[in-house]
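Rule-based calculations on the coordinates, nothing more; no lab input. No experiment lies behind these values; they were computed from the predicted model shown. Here Cβ is always computed from backbone atoms with ideal geometry, including for glycine, and neighbour counts include all displayed protein chains.
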Amino acid sequence: MIHTDEKTVLNELETARRVAEGFVREGKVGDKAPGYHVVTFGCQQNEADSERLAGLAELMGYRHVDDVNEARLILVNTCAIREHAEKRVFSIVGEYKHIKNLHPDTVIGIGGCMVTQAHRAEKFKLSYPYVNFTFDTGSIHHVPTLVANALAGKKRSFVIGDEYAITEGLPTVRKTPHSAWLSVMYGCNNFCSYCIVPYVRGRERSRDPEDVLAEARELVKGGAKEITLLGQNVNSYGRDADFDCDIASLIRQICAIEGDFKLRFMTSHPKDVSDELIEVMAAEEKVAKHFHLPVQSGSDDVLRRMNRKYTVGHYLEIIDKLKNKVPDVSLTTDIIVGFPGETDEDFEGTMELLRRVGYDMIFSFIYSPRIGTPAAKMEGQIPPEVSGERFRRMTEFQDALSEERNRRFVGRHVRVLADEISKTNPGMLTGRGDMARPVHFAGDPALIGQFVELEITACGSYSLEGKII
Ligand code: SAH
Ligand code: SF4
Ligand code: F3S
């Protein structure tokens with residue numbers, strides 16, 4: 001397995017410390033330290049990467065500011081999964097022009113999946129002259145050098161490297177210490193025909209189990225009550241490596257760490273769901289009884305053209321096994337509506353699948369052509385009115401189904417992790433348990449980060465309500 005060599009990482013960390021020393025010499029410490037602000041788009045993998053960006057920014061002597069206008073270092077971690085995600089990045093970076101005009105010493109760097117595509121890095125170089133640099137998903141550890149160069153007035157940089165390695169030893173500033181991301185592998189080998197991820201995240205590479213376990217132990221010691229193992233294709237963990245440890249065995253070893261915590265993992269690919277993984281979910285008390293298993297479509301024809309490598313029948317077999325072994329498991333999935341060539345019949349197949357499985361929640365997306373992927377060149381691209389109408393029907397149908405699924409919890413006693421103050425009602429807390437949806441309940445904010453026992457009193461399609469017992 002290719003690791004970024006230790007010396008490179010140490011050099012970068014040294015560069016970061018030198019930047020911090022420069023600020024100290026200028027008397028910029030404490031409240032006067034320059035601010036940094038990290039903006040994150042996309043998936044949990046990006047959230048985890050942003051925690052490393054924050055770690056590096058703090059090592060460089062910057063302090064976190066909530067208001068981007070006060071930041072002298074702005075890092076945007078981008079996503080390329082759909083056109084909408086990329087548009088939002090262009091629009092938000094457009095707003096930074098006036099910050100740079102007011103404060104020319106502001107350093108602006110754009111990283112992540114979007115700028116790991118040459119045409120997007122080029123666009124930032126040519127059309128956004130106030131952006132100092134872009135960095136690809138494999139180059140997070142180079143950010144100290146990029147920032148140091150920008151501060152020294154050196155040339156702007158828009159390089160895309162082609163070596164994806166595992167980089168250990170970067171500092172991390174975690175947003176929510178009680179609920180932690182833990183990346184166990186990076187990249188994807190699957191090349192689903194619609195998806196940009198394999199082109200911008202490189203091939204699958206699994207971290208050594210010892211490194212993962214050491215981080216997990218540290219997290220539990222630091223008070224983490226929920227750990228989510230992350231990978232684009234997390235259940236193929238270990239396949240690429242020379243060590244002998246698969247995802248089921250990794251989960252078992254993490255569960256053996258002493259302490260009261262819940263373990264989650266995402267995202268799993270149906271073709272790689274082993275019987276052992278299902279067993280481990282059934283057997284290990286610490287594993288949350290929630291399985292996210294993206295199906296994408298309920299038509300074999302569409303699945304074949306998506307290059308998903310399974311059939312509806314095979315998928316349903318896994319679901320049946322899961323339901324048998326893990327009674328009452330919460331199931332969620334991802335669906336793409338309007339994939340090229342999707343007929344009314346194909347779409348009805350997907351609706352039928354939703355009915356058959358009974359998901360607690362789905363994430364549905366209208367197909368968005370991505371430059372460089374095979375599906376973008378396929379015949380039979382679906383007009384937006386057609387996919388929009390299918391999307392609307394699916395959402396309506398699933399909302400009713402979700403409410404029905406949530407209702408099974410009403411009257412039950414459940415254990416949830418008090419996660420945060422409710423975003424919709426600041427008088428309430430939001431908690432997470434085995435159910436796919438969040439639970440709102442009245443409680444002291446001091447409970448955040450602790451497990452609480454609730455009685456579920458009501459539910460809707462998107463959330464549940466409970467009271468502390
Ligand atoms: N690795 C995960 C998640 C990938 S991205 C997996 O394999 O499931 C999350 C979801 O975005 C995908 O599951 C898919 O439903 C959706 N997605 C990916 N590419 C897309 C595209 N071009 N248009 C619309 N949705 C897309
Ligand atoms: Fe994309 Fe498919 Fe890989 Fe998921 S498994 S990241 S959908 S290519
Ligand atoms: Fe987006 Fe990259 Fe994640 S494309 S969904 S941020 S892997």
Completion exercise
One computes Rg over Rh for the chain from alpha-carbon atoms, with the Kirkwood Rh, and obtains 0.96
Problem - R0 of 60 Å, Cβ-Cβ distance Arg25-Thr457: FRET efficiency to nearest 0.05 - result: 0.55
Handout entry: Within the range 312-404: Cβ-based charge dipole about Cα centre, in debye rounded to nearest 20 (Lys, Arg +1; Asp, Glu -1)
Key = 380 debye
Completion exercise
Expressed in angstrom and rounded, the centroid-to-centroid distance over alpha carbons for the range 126-169 and the range 50-107 is 13 Å
Problem - Neighbourhood net charge (10 Å Cβ-Cβ; Lys/Arg +1, Asp/Glu -1) for Gln296 - result: 0
Completion exercise
Computed about the Cα centre, the charge dipole of the chain from +1 Lys/Arg and -1 Asp/Glu charges at the Cβ has a magnitude in debye, to the nearest 20, of 1120 debye
Handout entry: Added length on full extension, which subtracts the Cα-Cα distance from 0.36 nm per residue, Arg203 to Lys423
Key = 75.5 nm
Handout entry: Three-way shape call for the range 84-173 based on the alpha-carbon gyration tensor, with the a/c threshold at 1.5
Key = oblate
Handout entry: Rounded, prolate or oblate (a/c below 1.5 giving rounded, otherwise prolate when a/b exceeds b/c) for the range 1-96 by Cα gyration tensor
Key = oblate
Handout entry: Peptides 234-245, 138-149 ordered by average Cβ neighbours within 10 Å, highest first
Key = 138-149, 234-245
Fill in the blank from the handout: So for R0 = 35 Å, FRET eff. of Lys154-Asp240 from the Cβ-Cβ r, to 0.05, ends up at 0.45
Practice task
Using per-residue counts of other Cβ atoms within 10 Å, averaged over each peptide, order 363-369, 332-338 from highest down.
Solution key: 332-338, 363-369
Problem - Where labels lie 7 Å past Cα in the beta-carbon direction, separation of Ile2 and Thr343 in nm - result: 4.4 nm
Exercise for the section: Extending each Cα 7 Å along its Cβ direction at Arg412 and Arg63, get the distance between those two points in nm, one decimal. Expected result: 4.6 nm
Exercise for the section: First check a/c for the range 41-126, with a ≥ b ≥ c the square roots of the eigenvalues of its C-alpha gyration tensor; if it is under 1.5, answer rounded, and if not, answer prolate when a/b is larger than b/c or oblate otherwise. Expected result: oblate
Problem - Student exercise, the range 84-220 dipole from Lys, Arg, Asp, Glu Cβ charges, in Debye to nearest 20 - result: 660 debye
Fill in the blank from the handout: For Lys271, counting only lysines whose alpha-carbon sits under 17 Å away and dropping same-chain residues fewer than eight positions off, the answer is Lys309, Lys321
Practice task
Pop the C-beta distance of Leu126 and Glu389 into the FRET formula with R0 = 45 Å and round what comes out to the nearest 0.05.
Solution key: 0.75
